[in-house]
Amino acid sequence: MRHLSAESALYCRIFTEGILGIELLGQDRFKITPQIPVSWNELSLTSCKILNRDLDFFIVKKNNNIHLAVSDKDRIIWDGYINFGKSKTIVVP
């Protein structure tokens with residue numbers, strides 16, 4: 001059963017490290033480089049445990065940009081636009 005647990009954790013890492021492109025930069029910040037598939041128009045992930053917080057991610061493609069919103073329960077941490085393939089550093093208060 002241990003090998004199944006490791007495989008389940010790998011599946012979660014595919015989203016956080018692959019599609020969201022999240023890289024931890026310290027105890028209060030991370031870099032995000034969303035790379036959602038071409039056929040997807042939006043992506044929503046809730047209750048992602050990052051930096052000891054449950055963060056929600058909402059991503060919507062808009063023209064040549066990505067609208068990204070990151071929240072912690074009812075508080076918006078960051079809400080704005082980034083260019084496709086570009087990164088944004090998010091500081092979690």
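The values are calculated or read from the model by the stated rules, or taken from the named source; none is laboratory data. Predicted, not measured: the structure shown is a model, and the values here were computed from it. Glycine also receives a Cβ, built like all others from the backbone with ideal geometry; neighbour counts cover every protein chain displayed. These accessible areas exclude ligands, DNA and RNA; they are computed on the full protein's heavy atoms, side chains included. Shrake-Rupley method; radii C 1.70, N 1.55, O 1.52, S 1.80 Å.
Here are a few things to note about the model shown:
- Within the range 49-79, the set of residues being open to solvent by 70 Å² or more (accessible area, probe 1.4 Å), over 17 Å from E17 (Cβ atoms) and either touching a Lys or Arg at 6+ places or on another chain (Cβ under 6 Å) or assigned to a strand (DSSP E or B) (or both) comprises F58, K62, R75, I76, D79.
- Scanning the range 14-27 for residues that are outside any strand (DSSP E or B), without any contact (Cβ under 8 Å) to a residue 24 or more places away in the chain and open to solvent by 80 Å² or more (accessible area, probe 1.4 Å) turns up I14, E17.
- Filter result for I82 (surrounded by 12 or more Cβ atoms within 10 Å (Cβ to Cβ) and modelled with pLDDT of 90 or more): yes
- Annotation: of all residues in the range 28-48 being outside any loop (DSSP other than H, G, I, E, B) and not hydrophobic (A, V, I, L, M, F, W, C), the one that is nearest to V92 (Cα to Cα) is R29.
- Set T89, T46: member being polar (S, T, N, Q), loosely packed, with under 15 Cβ neighbours inside 10 Å and touching a Lys or Arg at 6+ places or on another chain (Cβ under 7 Å): T89
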